[in-house]
1. With runs of 4+ DSSP H residues as the only contributors, calculate the mean residue ellipticity of the chain at 222 nm using -39,500 (n - 2.57) per run, divided by the residue total and rounded to the nearest 500.
2. Multiplying the sequence separation of Lys41 and Thr123 by 0.36 nm and subtracting their Cα-Cα distance, what value in nm do you get?
3. Hey, any idea what % of the stretch 93-239's accessible area is carbon plus sulfur with a 1.4 Å probe?
4. In terms of modelled amide H atoms, which long-range or inter-chain residues lie less than 5 Å from the amide H of Val180?
5. Taking only protein heavy atoms and a 1.4 Å probe, what accessible area per residue, in Å², does the chain have with all protein chains in place?
6. Length gain on complete extension for the stretch Phe89 to Phe151, per 0.36 nm per residue less the alpha carbon to alpha carbon distance?
7. To the nearest 20 debye, what is the magnitude of the charge dipole of the chain about its Cα centre, counting +1 on the Cβ of each Lys and Arg and -1 on the Cβ of each Asp and Glu?
8. Straight-line reach from Lys41: which lysines have Cα under 23 Å away, leaving out those fewer than 8 places along the same chain?
Amino acid sequence: MSKLLKYYIAIMGVFIAPRLMAQDHENFWFRSTITTPINDKLKLDNEFQYRRQNGFENNNMFDKDLMISYRNWIHYQYNEAFKFSLSPFSYFSAHKIINQQSDELAAANKEIRSSAAVEFHNTIHNNWVFISRSAFEYRIFLNQSSNIIRFRSRVGLQYVLNKHQKLSIHDEPLLNLSGVSDRHIFDHNRIGINLESKLLENLKVDVGYMRVSRLPLNNTTYVKENNLTLSLNYLMPSL
């Protein structure tokens, strides 16, 4: 096992262990993506997400539904550094974060979302890569009157361990630009670490941990979350 992989395991332990004993919210996020390349510059993604959360007065992150979603992406690789992305349509069904027993029975909130993003990659030294991704999202809620425009900007560092593995850390604040009161301009912030591994020529798996500080729209207090993440990406043969 390489030194950086050992560091990754140690960092995961430092992040997770103390928080599993705290009264924070525990979630599990799963994402699967099928990527279809059109040509050297253009790719299509079909993305499915499923998330679970702990129930009332327990720490079982698999206990209750949290979210299910479908999203499509069109990616255009402008050059080695810049990639532009557009998601014309996505559908989300999200349950309330469980803070009291009645939340377990609340109906899911339905949402349709469109997004546009730009991503920048730049090798800064040897195997170290700087990554940034900024996006705007237009969120249409089917069971409330106010739609929301949200801005998000993720910055991070990636270390290329070898041709099959990459280790990354990142921070991503999300801000509401319209459709909310001044109290809820801050939506949430994500700090994470993840390890991407190429299992097969066309299959990648990504495992990680994400610490989230969130201010729900229907709440005035912050929620602290510990999220274990698992992502699978399958690359289809070129058309």
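The values are calculated or read from the model by the stated rules, or taken from the named source; none is laboratory data. These numbers come from a predicted model, not from an experiment. No Cβ is skipped: glycine too gets one built from the backbone with ideal geometry, and neighbour counts run over all protein chains shown. With ligands, DNA and RNA removed, areas are computed over all heavy atoms of the protein, side chains included. Shrake-Rupley method; radii C 1.70, N 1.55, O 1.52, S 1.80 Å.
1. Here the helix-only value at 222 nm equals -2500 deg cm²/dmol.
2. Working it through step by step, the gained length comes to 27.5 nm.
3. Carbon with sulfur: 58 percent of the solvent-accessible area.
4. Result for Val180 returns nothing.
5. 55
6. So the chain would gain 20.6 nm between Phe89 and Phe151.
7. Dipole size: approximately 360 debye.
8. Reachable lysines: Lys83, Lys163, Lys166, Lys198, Lys204.
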